[in-house]
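The values are calculated or read from the model by the stated rules, or taken from the named source; none is laboratory data. Note that the structure is predicted; figures quoted are calculated from it, not measured. Reconstructed Cβ throughout: ideal geometry from the backbone, glycine too, with neighbour counts over all protein chains shown.
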Amino acid sequence: MELIYLLLLLILSVLVLSVLFLLYQTRSPKAMEGIPGSLGWPIVGESFSFLSDFSSPSGIFSFMNKRQKRYGKVFKSFVLGRFTVFMTGREASKILLTGKDGIVSLNLFYTGQQVLGPTSLLQTTGEAHKRLRRLIGEPLSIDGLKKYFHFINTQAMQTLDQWEGRKVLVLEEASTFTLKVIGHMIMSLEPSGEEQEKFRSNFKIISSSFASLPFKLPGTAFHRGIKARDRMYEMLDSTILRRRSGQDFQQDFLGSLVMKHSKEDGKEDENKLTDKQLKDNILTLLVAGHDTTTAALTWLIKFLDENPIVLEQLREEHRQIVASRKGGTDLTWAEVNNLPYTVKVISETLRRATILPWFSRKASQDFEIDGYKIKKGWSINLDVVSIHHDPEVFPDPEKFDPSRFDEPLRPFCFLGFGSGPRMCPGMNLAKLEICVFIHHLVNRYIWRPLEKENFVQPTLVRMPKNKYPIIVEAQ
Ligand code: HEM
């Protein structure tokens, strides 16, 4: 019996490989012959070396660096199932990120496209994209964020209350903190209880389905991701219904979108959103904002431990705030918006860690770059790691040195939050969460890491593989 299963498995594998090989042959763009580089082995291309470099301490930088030395700033490869042209440098970023004349669009993986849905901000282009950004950007503006400050501050303090004398996995704690914040902002979710747990477990399944294989069969991460997305949408549906019926009035993200911008049945108004658009974009904010902020906070805490002089200077900035307080003991909105050194530490963290190592685009039309002809439909990855490690802009690039941001940099040299029409709309929220958390951390605690390893998780957002375990003591 077992032998029959093995035989069937073998036949199935041969069939799958043959189909993949045929697809590879038919999709291999002949015109890419004009671009330098290697497509590697059939079917797998250069995916193995890409993935192994990806999880190494220097990340995809070593993959890029080797090829850039051999082929120059523009080269082709076949990684993770895609024929891709990699590019780097200010010129390429300017062309790709400003999206001049709509020459490129965002290029999500198939799994991401399916989970987030067709009306997600990440899948819209042109005027529709601009409109959506306007609606979504409003509650994420500095003014819009003010009303969540108290919640963020309380959550940061409560999270840190649990840290004293304990072994802490920073990545997990940061993840819980940022998820509570976004759950509250979006739909006034209580920071603990059954609803929070449902939200959390569904989100985790959705998040891990992003980098999964594109097979929607029961038991696969992709299938589980779609199911968790459906459960999350059910939660959102009942919240939208409550908000619309006036049973539950909340001044949260969903509340303001439902009140101001949601479309009534049957009515045409392109400045308003359907329920589907609302849900797709709430999920988009969650997905785009959670892992990134979690990773940034974790890397920052790690870099501080590795750079005691920076930590001391940062601590001084936060001690000064406490020392110069006239009345009251709590961090205020004005104080958190006046942390110049902390903001530089955040920028240097985003440069050194380059949490999103490449930005993925698809050519919407033929265009030329550095003398190379790019054809409509090709995948293009902008290699941000090399931009952030360019020794001409950032001398001694491996060094963690926030003073690099003392003077404004030339455009497209630093892309921690991207640039152009797709620049991160959650930038102010991310900075606010990090500043508040760091304020309480450095004023209360000292910490030391329990492991000295530097490997990185092979996920789309770069995070320390060991989740950065530390031991924490009161100062
Ligand atoms: C430190 C934390 C964060 C980092 C490093 C970060 C980084 C980025 C970058 C680099 C981009 C541009 C990607 C590209 O051009 O391909 C981006 C876009 C985006 N980010 Fe963030 N982000 C962070 C936090 C957030 C938060 C908190 C939210 C929302 C709650 C958010 C929502 C988004 C969305 C929706 C986009 C897509 C914008 C568009 O396509 O128009 N991000 N982010």
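Overview of results
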{"quantity": "Checking Ile60 against (1) over 18 Å from Asp390 (Cα atoms); (2) modelled with pLDDT under 90; (3) touching a Pro at 6+ places or on another chain (Cβ under 6 Å), the condition it does not meet", "calculated": "(1)"}
{"quantity": "Residues located in the stretch 423-463, provided they are part of a helix (DSSP H, G or I) and within 22 Å of Glu164 (Cβ to Cβ)", "calculated": "Glu433, Ile434, Cys435, Val436, Phe437, Ile438, His439, His440, Leu441, Val442, Asn443, Arg444"}
{"quantity": "Residue identified as out of contact with any His (no Cβ under 6 Å at 6 or more places or on another chain), among the basic types (Lys, Arg) and under 29 Å from Gly112 (Cα atoms) among Lys375, Lys344, Lys326", "calculated": "Lys375"}
{"quantity": "Helices (runs of 4 or more DSSP H) lying entirely in the stretch 46-147 (those with 1 or more residues that are within 17 Å of Tyr372 (Cα to Cα) and within 12 Å of the ligand (Cβ to nearest atom))", "calculated": "90-98"}
{"quantity": "Some residue of the stretch 328-337 being in contact (Cβ under 8 Å) with a residue 24 or more places away in the chain, surrounded by fewer than 18 Cβ atoms within 10 Å (Cβ to Cβ) and either within 16 Å of the ligand (Cβ to nearest atom) or part of a loop (DSSP other than H, G, I, E, B) (or both)", "calculated": "yes"}
{"quantity": "Among residues of the stretch 394-446, those that are farther than 23 Å from Asp291 by Cα and away from the ligand (no atom under 16 Å from the Cβ), counted", "calculated": "17"}
{"quantity": "Residue that is surrounded by the most Cβ atoms within 10 Å (Cβ to Cβ), among those in the stretch 62-88 that are among the polar types (S, T, N, Q) and free of Cβ contacts under 8 Å to residues at least 60 places away in the same chain", "calculated": "Ser77"}
{"quantity": "Residue match in the stretch 204-220 (condition: in contact with a strand residue (DSSP E or B) (Cβ under 7 Å, 6 or more places away or on another chain) and under 23 Å from Leu285 (Cβ atoms))", "calculated": "no"}
{"quantity": "Number of positions in the stretch 358-383 that are more than 11 Å from the ligand (Cβ to nearest atom), closer than 29 Å to Pro397 by Cβ, out of contact with any Lys or Arg (no Cβ under 8 Å at 6 or more places or on another chain) and not in a loop (DSSP other than H, G, I, E, B)", "calculated": "4"}
{"quantity": "Residue in the stretch 347-357 that is more than 30 Å from Ile321 (Cβ to Cβ), modelled with pLDDT under 95, out of contact with any Ser or Thr (no Cβ under 7 Å at 6 or more places or on another chain) and away from the ligand (no atom under 14 Å from the Cβ) present", "calculated": "no"}
